1. Identify, by number, the condition in (1) modelled with pLDDT under 95; (2) away from ligand 1 (no atom under 12 Å from the Cβ); (3) buried (at least 18 other Cβ atoms within 10 Å of the Cβ) that Ser230 doesn't meet.
2. Consider Val132 carefully, then state whether it is aliphatic (A, V, I, L, M) and closer than 21 Å to Met273 by Cα.
3. Evaluate the following for Thr330: is it away from ligand 1 (no atom under 14 Å from the Cβ), farther than 22 Å from Arg98 by Cα and at pLDDT 95 or above?
4. Give the residues of the range 16-70 that are surrounded by fewer than 20 Cβ atoms within 10 Å (Cβ to Cβ), among the acidic types (Asp, Glu) and touching a residue at least 40 places away in the same chain (Cβ under 8 Å), sorted by residue number.
5. With the requirement that a residue be outside any loop (DSSP other than H, G, I, E, B) and more than 18 Å from Ala261 (Cα to Cα), what does the range 97-134 give you?
6. Looking at the range 26-44, which of its residues are in a loop (DSSP other than H, G, I, E, B) and on the phi < 0 side of the Ramachandran plot?
7. Please work out which residue is nearest to Phe97 (Cα to Cα), limiting yourself to the range 258-278 and to residues that are at pLDDT 95 or above and near ligand 1 (Cβ under 7 Å from one of its atoms).
8. Consider Ile93 carefully, then state whether it is under 30 Å from Phe158 (Cβ atoms), away from ligand 2 (no atom under 16 Å from the Cβ) and of a type in the set (Val, Ile, Thr).
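The values are calculated or read from the model by the stated rules, or taken from the named source; none is laboratory data. Note that the structure is a prediction, hence the values are computed from the model and not measured. Cβ sites come from the backbone with ideal geometry, for glycine too, and all protein chains shown count toward neighbours.
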Amino acid sequence: MTDHRIALIPGDGIGAEVLPPAVAVLDRVGARHGVTFRYDEFDWSCTRYLAEGAMMPADGLDRIRHHDAILLGAVGWPGVPDHVSLWGLLIPIRRQFRQYVNLRPIRVFEGVPTPVLGAVPGMDFVVVRENVEGEYSEVGGRFNRGFPDEMAVQEAIFTRPGVTRILDYAFDLAATRRGHVTSATKSNGIVHTMPFWDELVVEAGARHPNVEWRQEHIDALVAKVVLDPSRFDVIVGSNLFGDILSDLAAAVAGSIGIAPAGNIDPSGEFPSMFEPVHGSAPDIAGQGVANPLGAIWSASMMLDHLGHPEAGAEVLAAVTAVLANSPVRTRDLGGTASTDEFTTAVLDTLPPPR
Ligand code: NAI
Ligand code: MG
C-alpha cells in the first residue's frame with residue numbers, strides 16, 4: 001500500500017461543493033490501485049477572512065509544507081476584494097512552494113456541445129503557464145494617491161532561469177505528446193521582456209531538436225484558439241498570457257467548469273497544488289448544481305503527479321465515458337444533473353475494485 005497525505009482546502013462557494021466529488025473518486029480509484037489517501041482539511045477562505053482577518057493563519061504554509069499534495073476548490077467571495085483573497089492564499093502557496101508550472105490541459109469531450117465550430121472532439125492541448133513571475137509581480141507602487149496626477153506602476157519581471165525552466169518544461173512535455181510547442185508572445189508591442197522571452201524560446205528549441213515550435217503574437221493566437229483549436233499541442237505563455245489563454249480555451253471546450261489545473265513544483269521539494277480553473281461561482285453556489293468535472297480532472301492530474309498515472313487515466317476514461325455514453329451532465333453542459341448525480345455516474349463507471 002502507498003499512503004499519501006493530502007491537504008484539502010475547499011475554500012469558498014462551489015469550491016466546497018466540488019471537492020467532495022474529487023475525494024470520492026480518489027478514494028474509489030485508489031482502493032483499486034493499492035493507494036490510500038489521508039486528508040487534512042483546512043477552512044482557509046473568505047469566510048475565515050471575514051471572521052479572523054486573514055485567509056489563512058500566519059503559520060499556514062508550514063502546516064501544509066510536508067503534505068504530498070494540496071487539493072483546492074476555489075477562493076473568492078463578494079465582500080472580500082479579489083486581490084485580497086488571491087494574494088492572501090493562492091499566490092503565497094504558488095510562490096512559497098515554488099510551483100512555477102501552471103499546467104492546464106484542455107480537451108473537447110465527445111458528447112459535450114462546444115460554442116465553437118472548429119472545436120471538434122480531437123481538440124486536445126495543454127497550456128503551460130509560467131506561474132511565479134512575469135506580469136503578476138509585486139514590484140511597483142502607487143504614487144500621488146488621491147491627487148489628479150495619481151499614478152500606478154507595475155513592473156513585469158522576466159528572469160533567465162524563470163523563463164528557461166518553464167520553456168524546458170513545455171518542450172519536454174511536447175516531446176511526450178505530439179511534439180509541437182506554440183509560444184505566446186507580444187514582442188511587437190512589448191519591447192523589452194517579450195523579445196527576451198523570444199530569444200530564450202530559440203535557445204529552448206535548440207535544446208529540443210525533436211520538438212517543432214512556432215511563436216504567435218497573443219492577439220492573433222487567441223483568435224486561432226477560437227477558430228482552429230485542434231491545431232495546438234502545447235502552448236507556453238507568461239503568467240498573464242497563460243492565464244487568459246487557458247480560461248478562453250476552457251470556454252471553447254464547452255465550459256469553464258470542466259477545466260483542471262496543476263500548480264507544480266517539478267523539483268518535488270514542495271507539495272504541488274491541484275485545483276479546478278473555475279472560481280467560487282457565487283451565482284450558483286449552494287444549489288448543488290456545480291460541475292465537479294474540473295475538480296475530478298484535477299484529482300486525476302494529482303494521481304499522475306504522485307506517480308499513479310494508470311489510476312489517473314482511469315478517472316479521465318470514466319468521465320469521458322459518462323459524457324459520451326449517457327445524458328448525465330450538469331447544467332453548464334446543457335444537462336439537468338446535479339453535482340451528486342454526475343459524481344455518482346462517474347463512480348459507477350470506474351472499473352470495479354480488484
Ligand atoms: P467563476 O469561475 O466563479 O464563474 C464564472 C461563471 O462560470 C459563472 O457564471 C459560474 O456560475 C460558472 N461556473 C464556474 N464554475 C462552474 C462549475 N464548476 N459548474 C458550473 N458553472 C460554473 O468566475 P468569477 O465569477 O469571475 O469569480 C467568482 C469568484 O471566484 C471571484 O471572487 C474570483 O476572484 C474567484 N476566482 C477564484 C479562482 C480560484 O480560486 N482559482 C479562479 C477564478 C475566480
Ligand atoms: Mg484565471
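1. With respect to (1) modelled with pLDDT under 95; (2) away from ligand 1 (no atom under 12 Å from the Cβ); (3) buried (at least 18 other Cβ atoms within 10 Å of the Cβ), Ser230 is out only on (3).
2. yes
3. no
4. Scanning the range 16-70 gives a single hit, Asp68.
5. Within the range 97-134, Pro121, Gly134 meet the criteria.
6. Within the range 26-44, His33, Phe42, Asp43, Trp44 meet the criteria.
7. So, considering only residues that are at pLDDT 95 or above and near ligand 1 (Cβ under 7 Å from one of its atoms), the one nearest to Phe97 (Cα to Cα) is Glu275.
8. No: the conditions fail for Ile93.
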